[in-house]
Amino acid sequence: MQTNKLSPQDILPLTCSRTGNCCYGKIIYLNPWELFHLAKEKKNTPGEFRDLYCDFGGIRLKFDGKVGWKEQQACSQYVDNFGCSVHLGRPLACRLYPLGRQIQSEEVHYMYQGDEFPCLEPCAEVVDLAQLSVGEYLEGQMTDTFEKAQDSYLEVMQNMADMAFELLLDTGLAESGDKKTLAEWRKMGSEDPEALADRIGREWVECLMIPDISDDDPIAFVQKHNDLLQLKAQEKFGALQTNQELHEASVLIMGVALHLARGLGANPKDLAELWMDTAKSHGAQE
Ligand code: SF4
Ligand code: SF4
């Protein structure tokens with residue numbers, strides 16, 4: 001599909017006509033900051049919101065509402081004749097839509113996909129509404145704190161993967177000739193999200209998706225969450241002795257990294273392969 005890269009100055013028909021047609025049939029992944037804000041807006045605890053409205057332990061918003069636009073189901077948060085019931089807490093993907101966001105070589109790009117501007121098919125009337133620059137649109141949608149949280153969680157994901165590397169490469173496990181660990185990393189990259197959540201187990205999924213943190217600053221929130229995950233890993237993995245224990249710990253924490261990666265909209269298969277190549281270049285075998 002064609003990707004159209006945009007600059008902040010590009011002018012587009014970005015005034016929403018509010019039909020809600022784009023709240024049907026989408027896949028919206030969530031990071032823990034987004035889950036926290038959705039729950040707050042809904043006046044639920046994050047755990048309640050996760051149980052009622054999310055799949056795979058909280059990383060995906062359910063789309064199990066009424067059938068509508070193009071015979072697709074509405075988002076669980078969409079209310080007929082009203083719109084989004086969590087508007088102020090809506091996740092980044094909804095704030096950005098119809099735009100997308102990519103990070104390439106540490107630079108952020110906004111874009112839209114397809115030959116045609118995405119709003120034109122569901123809401124052709126947008127051409128009659130005021131045009132906005134991409135920069136103005138993003139400001140109006142208040143994407144800033146959600147972008148900061150998203151980018152900070154990418155660092156948490158890498159920290160979790162680094163822990164899996166350390167357990168494999170710095171403990172003598174790889175040197176022992178272990179081949180099972182990378183084989184499991186590969187398997188997890190292609191595992192369906194339900195199976196991966198089961199493999200990680202409830203305790204880690206809860207620590208990953210519904211940490212007991214409330215902080216209005218996205219960077220402080222994510223930093224506290226990172227510290228919590230690191231502390232948990234130290235408690236669990238601090239006294240490992242056998243290669244079997246090290247193998248299991250490396251697989252588990254890589255599973256946590258891949259589960260979080262999916263919630264951040266990354267492709268777990270590509271990431272697992274990238275991380276396997278890195279481990280192999282440092283002496284690990286498959
Ligand atoms: S498709 Fe575009 S114009 Fe239509 S409701 Fe969604 S964002 Fe608004
Ligand atoms: S969270 Fe709100 S804006 Fe996003 S898809 Fe659901 S109903 Fe639409």
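Backbone phi angles across region 210-223, fed through the Karplus curve with coefficients 6.51, -1.76 and 1.60 (θ = phi - 60°), yield HN-Hα couplings of 10, x, 7, 9, 9, 8, 6, 8, x, 6, 5, 4, 5, 4 Hz in residue order; Gly and Pro are listed as x.
Taking 16 Å as the straight-line reach from the Cα of Lys179, the aspartates and glutamates in range (excluding those fewer than 8 positions away in the same chain) are Glu166, Asp170, Glu245, Glu248, Glu273, Asp277, Glu286. The alpha-carbon positions of region 125-183 define a convex hull whose volume is 127 Å³ per residue. Among the chymotrypsin sites (Phe, Trp or Tyr not before Pro) found in region 52-94, those both in a DSSP coil and sparsely packed, with 11 or fewer other Cβ atoms within 10 Å of their Cβ, are Phe82. Here region 18-149 yields Rg over Rh of 0.96, to two decimals, using C-alpha coordinates and the Kirkwood radius. Translational diffusion of region 59-117 was estimated from the Stokes-Einstein equation, with Rh taken as the Kirkwood radius over Cα pairs; at 4 °C and 1.567 mPa s the coefficient is 95 µm²/s. When all alpha carbon pairs of region 187-286 are counted in 5 Å bins from zero, the resulting P(r) reads 2, 11, 19, 22, 21, 16, 6, 2, 0 %.
Each residue of region 42-54 is assigned a 3J(HN,Hα), and the resulting list reads 7, 6, 10, 7, x, x, 5, 4, 4, 5, 7, 10, 10 Hz, derived from the Karplus form 6.51 cos²θ - 1.76 cosθ + 1.60 (θ = phi - 60°), x at Gly and Pro. Note: relative contact order over the chain, using C-alpha pairs below 8 Å and six or more positions apart, is 26 percent. Annotation: amide H-H contacts under 5 Å for Leu14 (H modelled 1.01 Å from N, sequence separation of 5 or more, or interchain): Leu132. Couplings for region 84-90, taken from phi via the Karplus curve 6.51 cos²θ - 1.76 cosθ + 1.60 with θ = phi - 60°, read 6, 7, 10, 3, 6, x, 4 Hz in order; Gly and Pro are left as x. Note on the chain: GNM, Cα springs under 10 Å; of Met142, Met188, Met160, the largest mean-square fluctuation is that of Met142. Using a cut-off of under 12 Å, list every residue of region 243-274 whose amide N is near the label point 7 Å from the Cα of Lys70 along the Cα-to-beta-carbon line. Nothing falls inside the zone, counting backbone N under 12 Å. Label positions at Gln9 and Glu139, each projected 7 Å from the Cα along the C-beta direction, are separated by 1.5 nm. Expressed in Å, the radius of gyration and Dmax of the Cα atoms of the chain are 20.5, 68.
Laboratory data are not the source of any read-out in this text; all were calculated from the coordinates shown. Note that the structure is predicted; figures quoted are calculated from it, not measured. All Cβ positions, even for glycine, are placed from backbone atoms using ideal geometry, and neighbour counts span all protein chains on display.
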